[in-house]
Amino acid sequence: MDDKAILKEYMLKEIDIVQDIIKRMAHNSFMIKGWTIILVVATLLLKGAKIQVLIAFIPLLVFWFLDAYFLWQERIYRKLYDWIINNRLKTDKDLFNMNAYRFKDEVQPILKTMFSITLGLFYGSIAILTIAYAAILFLINQ
């Protein structure tokens, strides 16, 4: 086997590993969205003091940030994937190096990711609905 064939074999293995990592990040994001809905709704359904409605924002904000973190990591690993595709057949530098943080400056920061369209619409709509529910609850109980 020549060097090109070996590097191609390594590239295919590296791509598989990175794709599995990206799939895990996407699955984590999906699970976080489910848990967000469950915990926010469960918190809103608890009957108690009026201020208890505001507690629903705690899991919303925590999971919103956590989901942004996973999306941020997924984007970093996509940069690693692109690097492997473009460079692996040319060099064996960073062979099987799955530390994708070397690409963190090439993607948006986590806070900007939080307010991206994909996350902003999902979590923003939950926040708006929670605020509307709290307003209705406060008006009814006056």
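Structure data summary
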read-out: Residue ranges of helices (runs of 4 or more DSSP H) in the range 33-142 with at least 3 members at pLDDT 90 or above, under 25 Å from GLN19 (Cβ atoms) and touching a Leu at 6+ places or on another chain (Cβ under 7 Å); value: 57-87
read-out: Number of positions in the range 10-26 that are closer than 18 Å to ARG88 by Cα and not charged (D, E, K, R); value: 7
read-out: Matching residues in the range 1-42 - criterion: being within 27 Å of the chain's Cα centre (by Cα), more than 19 Å from LEU66 (Cα to Cα) and without any contact (Cβ under 8 Å) to a residue 40 or more places away in the chain; value: LEU12, ASP16, ASP20, ALA42
read-out: Residues satisfying the stated conditions in the range 88-119, i.e. surrounded by 14 or more Cβ atoms within 10 Å (Cβ to Cβ) and polar (S, T, N, Q); value: GLN108, THR113, SER116
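The values are calculated or read from the model by the stated rules, or taken from the named source; none is laboratory data. Please read all numbers here as calculations on a predicted model, not as lab measurements. Neighbour counts run over all protein chains shown; Cβ positions are idealised from the backbone, glycine included.
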